[in-house]
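See below for the structure under consideration.
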């Protein structure tokens, strides 16, 4: 499964996963959605940024008055304008972090209609341990090398170009090796920047990969220089894999990374500060090892998915009950 494709994950939960662009033309999407609602008689809809569903929510609510519609907000940018436009149709809102919860309160939601459900992962699925031999051989990683990784969407808000700039700033430290995975709008731009970097810059762009877990096992440090973010799964995966994390002080990231405990928080997009932290860790392997140990411990203690599943269910069930009472 690639980093931008969650279809396989959903298919472990239900066989009814319909990625509309894969088998229908856009003009057919609405008819298929109408068929699903008529044949399945859903109790609830959980929105997660679908512009199509925002457009048709009013019609769905007219056709199915008892339908409980819950929106899931990940940050205070993105689709919050669309969220405001349909607030009167919604039965509740899920928030990925405290910043979003506070925004929802300011926007007019009542506290009992808001559920803070912070994203989590199956920590046991991510391994500490030896570097994957196939990646070590393919990327020519030496035992003494410190591998710095970026895995995720190559888009403006994630600032992957800053990662390339960091690699250039660190080019005089031969043990620092930089590896990128992921795809997105900036993929071609990233390739151009890497091709123009000084010859001694040690960075490899791997593109979209089928399984990102071995890369997290390969990384010693994970860097996320976002300008905007919520509570990114990639950081949870990195921590569970025992990576120290250097990330921007934005969105939900301060709840994941504690300075000088499991990593460092930096000003958004500040390549020089990130490079300084990496060079310091390269000169102090004991400090890096301590951050890595703490990263895994924090993930096990705070970010295991088992503690979140029940919260999702309770939030949706409560929304369904509120709608049914209002209709009755």
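The values are calculated or read from the model by the stated rules, or taken from the named source; none is laboratory data. Owing to the predicted nature of the structure, the values given are computational and were not obtained by experimental measurement. Note that we place each Cβ from the backbone using ideal geometry, even for glycine, and neighbour counts take in every protein chain shown.
Of everything in region 33-73 that's touching a helix residue (DSSP H, G or I) at 6+ places or on another chain (Cβ under 7 Å) and in a loop (DSSP other than H, G, I, E, B), which residue is surrounded by the most Cβ atoms within 10 Å (Cβ to Cβ)?
Restricting to residues being touching a helix residue (DSSP H, G or I) at 6+ places or on another chain (Cβ under 7 Å) and in a loop (DSSP other than H, G, I, E, B), the top hit is 67.
If we scan region 239-251, do we find a residue that is buried (at least 17 other Cβ atoms within 10 Å of the Cβ), in contact with a strand residue (DSSP E or B) (Cβ under 8 Å, 6 or more places away or on another chain), in a helix (DSSP H, G or I) and in contact (Cβ under 8 Å) with a residue 12 or more places away in the chain?
Within region 239-251, one or more residues are buried (at least 17 other Cβ atoms within 10 Å of the Cβ), in contact with a strand residue (DSSP E or B) (Cβ under 8 Å, 6 or more places away or on another chain), in a helix (DSSP H, G or I) and in contact (Cβ under 8 Å) with a residue 12 or more places away in the chain.
Being modelled with pLDDT of 95 or more and in contact with a helix residue (DSSP H, G or I) (Cβ under 7 Å, 6 or more places away or on another chain) is the requirement here; does residue 272 meet it? I'd like the intermediate steps shown before the answer.
Numbers: modelled with pLDDT of 95 or more: yes; in contact with a helix residue (DSSP H, G or I) (Cβ under 7 Å, 6 or more places away or on another chain): yes.
Judged against the criteria, residue 272 is a match.
As an exercise: evaluate residue 177 against (1) surrounded by 18 or more Cβ atoms within 10 Å (Cβ to Cβ); (2) part of a helix (DSSP H, G or I); (3) over 23 Å from the mean Cα position of the chain (by Cα) and give the number of the one condition it does not meet.
Failed condition: (2).
State all residues of region 262-298 that are within 24 Å of the chain's Cα centre (by Cα) and not in a helix (DSSP H, G or I); if no residue qualifies, say none.
262, 263, 264, 265, 266, 267, 268, 269, 270
Residues of region 299-328 being in a helix (DSSP H, G or I), in contact with a helix residue (DSSP H, G or I) (Cβ under 7 Å, 6 or more places away or on another chain) and buried (at least 20 other Cβ atoms within 10 Å of the Cβ), which ones?
299
Hey, any hits in region 209-230 for a residue that's in the same structural domain as residue 153 (by TED's automatic domain parsing), in a helix (DSSP H, G or I), touching a strand residue (DSSP E or B) at 6+ places or on another chain (Cβ under 8 Å) and under 20 Å from residue 304 (Cβ atoms)? Working first, answer last.
The first filter runs over region 209-230 and keeps only residues in the same structural domain as residue 153 (by TED's automatic domain parsing), leaving 209-230.
Restricting the remaining residues to those that are in a helix (DSSP H, G or I) gives 213-218.
With touching a strand residue (DSSP E or B) at 6+ places or on another chain (Cβ under 8 Å) added as a condition, the list becomes 215-216, 218.
Checking which are under 20 Å from residue 304 (Cβ atoms) leaves us with 216.
Looking for residues that are in the same structural domain as residue 153 (by TED's automatic domain parsing), in a helix (DSSP H, G or I), touching a strand residue (DSSP E or B) at 6+ places or on another chain (Cβ under 8 Å) and under 20 Å from residue 304 (Cβ atoms), one finds at least one in region 209-230, hence yes.
Can you tell me which residue is nearest to residue 157 (Cα to Cα) among those in region 271-298 that are out of contact with any strand residue (DSSP E or B) (no Cβ under 8 Å at 6 or more places or on another chain) and surrounded by 15 or more Cβ atoms within 10 Å (Cβ to Cβ)?
Ranking the candidates gives 271 first.
Checking the conditions here, which among 48, 44 is closer than 17 Å to residue 315 by Cβ and modelled with pLDDT under 95? So that I can check it myself, show each step before the final result.
Details: 44 fails: modelled with pLDDT under 95.
Only one candidate qualifies: 48.
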